[in-house]
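> Provided herewith is a single structure, encoded as structure tokens, for subsequent inquiry.
The values are calculated or read from the model by the stated rules, or taken from the named source; none is laboratory data. This is a predicted model, so every value here is computed, not measured. Counting neighbours? That spans all protein chains shown, and the Cβs are built from the backbone with ideal geometry, glycine included. Just the protein is used for accessible areas: all its heavy atoms, side chains included, with ligands, DNA and RNA removed. Shrake-Rupley method; radii C 1.70, N 1.55, O 1.52, S 1.80 Å.
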Amino acid sequence: MNPISRRNARPLAKHFDFKEAEPRLYQWWDKKGWFRPEAAPPDAEPFVISIPPPNVTGALHIGHALFCTLEDLMIRYERMRGKAALWLPGSDHAGIATQLQVEQLLREEGTSREEIGYEAFLARTWQWKEQYGGTIVNQLRRLGASCDWERERFTLDAGLSLAVQRAFITLYEQGLVYRGPRLVNWSPGLRTAVSDLEVEREEEDGLLYYFRYPVAGEPPLTVATTRPETILGDTAVAVHPEDARYAAYVGKTARVPRLNRAIPIIADASVDPDFGSGVLKITPAHDFNDYEVGQRHNLPFINVLNEDATMNEAAGPYAGLDRFECRRQLWQDMQAEGLAIREEAHRHAIPRSQRGGEIIEPLLSTQWFVRIQPLARKAIEAVRDGRIQIIPEQFEKVYFHWLEHIEDWCVSRQLWWGHRIPAWYGPGEQIHVGSEPPAGEGWVAETDVLDTWFSSGLWPFSTLGWPDQTADLARFYPTSVLETGYDILFFWVARMIMMGLWFTDEVPFHTVYLHGLVRDAQGRKFSKSLGNVIDPLVLVDRFGADPLRFTLVTAGTPGKDLNLDEARVESNWRFVNKLWQIANFIISACLRSGSPPMGLPAKARQDLSSRWLLSRLNALIANVQRLFDHHQYGEAGRQMYDFVWGEFADWYIEVSKQALYLGTAAEREATLQVLLHGLDQSLRLLHPYMPFVTEEIWQHLPNPGETLMLAPWPVAADSLSDVEAEHQFQQLMDIVRGIRELRREYEVPPGQRLNIQLAPGKQERLVLEHSHVFSRLCHVESVEIHPAGETPSTEAVSLVFGEITLYIRLTEMVDQEAERTRLQREIERLEKMAARAKSQLADERFVARAPQEVVQQQRDQLQNAREALPQLKEQMAKLR
RNA sequence: GGGCGAUUAGCUCAGUCGGUCAGAGCGCGCCCCUUACAAGGGUGAGGUCAUUGGUUCGAGUCCAAUAUCGCCCACCA
């Protein structure tokens, strides 16, 4: 091993200038190639995350910032652990979203996609993509994302397009793809089919229309509908088979209002006799339930809608009207004929497009479908048998439920932007599926494209070169963790698992980590209309990327929505500053007295506070490891925060000043070593959360490696754990706090230094040897042994900490009454504690069954109370 | 109609393996510009851990019911 060349500490600026440092560090890391897995030795174990590809259309929102932070955290952590970490970035062509945006653009220019035509539209969209598509990916850089940019992919790249074709053709050849007329969810505005998942149902106020269905030879039937225009497509009227009211009607003929078409009255068990009048109109071409009834009873399917949801010629006199206009018109006409009975307010679920929000119509149309059950079975198995673990676990249930009830996936979309389905239509209704048309004349290419999620489903392996057996595929597939929001568990995660297993025969990743949604400080969803949208980049501008990252990770728990409060980002910005000031203090000390040799002082040269600090640090490292193993990054971050601020800064640094300012050269060196070690380890732990400030500080420390990014991750060592030191230092801390409380209670002026007498006892050396702790932390002038036999002055108050009793003389006469109250309070507290411990210990079941430490703890408490109480009571007795 | 989650301080939330777990941040009160940091330090007030049962030596933590809120799935016209 080469000796690491010695580098001196370099002074820090007074404050961290994140605006200057962040881009500088990022470019440096990137240029050095450290984001690439090749930065690790060739035999390093890989750790791979495929980024959830954001829509090219998108701008970075807070949800992106969350996934970006979590994934970067995992990647940086594993990289520091020596793995070949690959975070593969990219973006999604997002068929519908992108097409909508470009169409909007065209509309603003007074034209449309139909007008400019297919080729021009595609060219336009590509141009648009080149222009704006890089935005979001560049924004990820500002958050510190350590992606391997040389492996960046786009779902419409040539390689990925090939993968899509291969996958589709394979499924077809395996008999898992079929094409045919089915009732699908239709988006009239986009004039395309959409999948079940892309339809959202919201309860809305609507109307229920009651009307009469004329029946030959019987009084008319009363029927209710929410969509009167579909009456025109009715091909039956149904009642429940056991509904006595209508038994006479079954088999008779009804006449469709206005059109006078004769339709049968049938009996079907799916009719709920208790809803409305108990009579159901059947529109097989425009309702999913009716569709099934229609199939069962062999009814005709009459489609009354055009692709844009205007009425077609089957609607007779209403042809050409918009669906809602038709609804009004028909109802009016029925009122005129006396067929309309009444309208009733009715709250019901309306299906709306996830994109754009228009009302979706069930429409009969010819589409491509994937028979998904065989794929789903494999996907269920993989989670069931633990090859894939979903975190948090509760989502496994949801996953199973969805996959167990999954229906065939409509994968064709009548869009222009996307992967064209590799199919060809030949003479005589022939269909050929393949990347090229068959030989011969007259073959026409399919114009439908595939659902965007089809290509997303291949993402973990298509990005690595599949179907080619590339070196990357061999090395980095299966990937490691798939991290994303729970809202796309079905859309994306389940489909990746299904397709990964199907095409590669391996799970695409072994862990699924699902995060929650980011909401505003009051827990509301972000929305433009509420005006509560938080732009992560604005927060980065104000506070830097580190505080935002730290906040996003520590503000919540896995799988739960988190409320983002700007105040929290600000307070974490203060934490960044705190870290900076800690570093500033330590580096200044190095500059003053020379940087110490690397490493820790020998145990014999470690003072109590150092042993305490190192033991606490070691406990932190062990805890963090356990938490990381369980993906509890939030709790781990919070513990780091508490350690750095609450223990390292508040206590160790304060105490270290004694050695630094007044100690011998050897003491100074030993203390500096511990300070540097504490800082160095803290920076390593925090680096995955706050990469910028930690790297910047680390670069100013003496003797660092080249980059913190690749510095080894801290490992806990039993040799650093020191229970005794923790216990003793804790006693000192208790005393300091006790004295501070006392100072406040008696309003001792801050400048006034206290003289303390210590009752002789077992712990007297501990207290005497650390008098500097009290002098630095609570303004104590002197500590001396209380002369035996002498009664403490009436100007003194006493403080009791277990077996340590202190008498503190205050200059002015102590208010005897106040002191009595204080002592009384303290006595009561201890007596209660003693009583509880005593009764616990008297319970032999407790002593027998509770762990040894817990029993011992109770014994210690009892012991403490027993030693302290007589002291306190003695003091009470002395009061007048 | 099913399923899931939540309920802890004024607000937003942590709480791992049942035993220093009654915590943090913000807000609020009081004191302090003490030679790393006022972007700071110190110290307080404030909670029957939703309710009720149960398991256990021991429950914020596990179980069951209830209440309230939220989410997901589902073809009630």
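> List the residues whose amide H sits under 5 Å from the amide H of A:Leu305, counting only those 5 or more places along or on another chain, with H placed 1.01 Å from N in the peptide plane.
Close amide H contacts, sequence-distant or interchain: A:Asn312.
> Let me ask you something else. State the answer as a single residue: which of A:Phe550, A:Asn532, A:Leu514 lies farthest towards the positive end of the charge dipole of the range A:501-570, with beta carbon charges of +1 for Lys and Arg and -1 for Asp and Glu, about the Cα centre.
A:Asn532
> Another question about this same structure. Relative contact order for chain A: what is it in percent, counting Cα pairs under 8 Å that are at least 6 residues apart?
Taking the mean separation of contacting Cα pairs over the length of chain A, I get 13 percent.
> Past the 27 Å Cα-Cα mark, which pairs from A:Lys14/A:Lys603; A:Lys578/A:Lys603; A:Lys578/A:Lys657; A:Lys32/A:Lys603; A:Lys528/A:Lys560?
Pairs exceeding the cut-off: A:Lys14/A:Lys603; A:Lys578/A:Lys603; A:Lys32/A:Lys603.
> Lysines within cross-link reach of A:Lys31: Cα-Cα under 24 Å, excluding same-chain residues under 8 positions apart?
Hits, sequence-local ones excluded: A:Lys19, A:Lys83.
> With the full set of protein chains in place, find how many percent of the accessible area of the range A:129-237 is carbon and sulfur; take the probe as 1.4 Å.
In the range A:129-237, the share of accessible area belonging to carbon and sulfur is 44 percent.
> Follow-up. Excluding ligands and nucleic acids, what accessible area in Å² is computed for A:Tyr486 using a 1.4 Å probe, to the nearest 10?
Estimated to the nearest 10 Å², A:Tyr486 gives 60 Å².
> For chain A, what does -39500 (n - 2.57) per DSSP helix run (n ≥ 4), summed and divided by total residues, give at 222 nm, in deg cm²/dmol to the nearest 500?
-13500 deg cm²/dmol
> To continue, here is another question. Would you give the gap between the C-alpha center of the range A:776-849 and the C-alpha center of the range A:629-704, rounded to a whole Å?
That distance is 34 Å.
> Now for a different question. Please name which of A:Gln728, A:Pro438, A:Gly63 has its Cα lying farthest along the dipole of chain A towards the positive end, using unit charges on Cβ (Lys, Arg +1; Asp, Glu -1) and the Cα centre as origin.
A:Gln728
> What do you get when you divide the Cα radius of gyration of the range A:163-260 by 2.2 N^0.38 Å, with N the number of residues?
So the range A:163-260 has a normalised radius of gyration of 1.64.
> Quick one: order A:Lys873, A:Lys878 from most to least accessible surface, probe 1.4 Å.
Sorted descending by solvent-accessible area, the residues read A:Lys873, A:Lys878.
> Also, I was wondering about something else. HN-Hα J couplings of the range A:57-65 from phi, Karplus 6.51/-1.76/1.60, θ = phi - 60°, integer Hz, Gly and Pro as x?
Taking θ as phi minus 60°, the curve returns 6, x, 10, 4, 10, 5, x, 4, 4 Hz for the range A:57-65.
> For the range A:339-430, just say rounded, prolate or oblate: build the C-alpha gyration tensor, square-root its eigenvalues into a ≥ b ≥ c, call rounded for a/c under 1.5, and beyond that prolate if a/b exceeds b/c, oblate if not.
The shape class here is oblate.
> For chain A, go through all pairs of different Cα atoms, get the mean of 1/r, take its inverse, and jot down that Kirkwood value in Å.
Result for chain A stands at 33.2 Å.
> May I pose another question? For A:Asp322, which sequence-distant residues (separation of 5 or more, or a different chain) have an amide H within less than 5 Å of its own amide H, given hydrogens modelled in the peptide plane?
A:Met311
> Quick one: which residues, 5 or more positions from A:Arg153 or on another chain, have an amide H under 5 Å from its amide H? H modelled 1.01 Å from N in the peptide plane, none for Pro or chain starts.
Those lying under 5 Å, H to H, from A:Arg153 are A:Gly90, A:Ser91.
> Oh, and also: So what does log10 I(q)/I(0) come out to for the range A:429-542 at q = 0.24 Å⁻¹, using the Debye formula with one equal point on every Cα and no solvent?
Rounded to two decimals, the profile gives -1.24.
> I need the phi-derived Karplus couplings for the range A:69-82: 6.51 cos²θ - 1.76 cosθ + 1.60, θ = phi - 60°, integer Hz, Gly and Pro marked x.
Working through the residues one at a time gives 5, 5, 6, 5, 4, 5, 5, 5, 4, 5, 5, 5, 7, x Hz.
> Show which lysines lie in cross-link reach of A:Lys378 when reach means a straight Cα distance below 24 angstrom and same-chain residues fewer than eight apart are skipped.
Straight-line reach from A:Lys378, under 24 Å: A:Lys397.
> Can you tell me the alpha carbon radius of gyration of the range A:812-880 divided by the globular rule-of-thumb value 2.2 N^0.38 Å?
Here the Cα radius of gyration is 1.42 times the empirical estimate.
> Same structure, new question: With θ set to phi - 60°, apply the Karplus curve 6.51 cos²θ - 1.76 cosθ + 1.60 along the range A:225-230 and write out the HN-Hα couplings as whole Hz, x wherever there is a Gly or Pro.
With the stated coefficients, the range A:225-230 comes to 8, 9, 10, x, 4, 6 Hz.
> Between A:Ser527 and A:Lys14, what length comes free when the chain is fully extended (0.36 nm per residue of separation minus the Cα-Cα distance, one decimal in nm)?
180.7 nm
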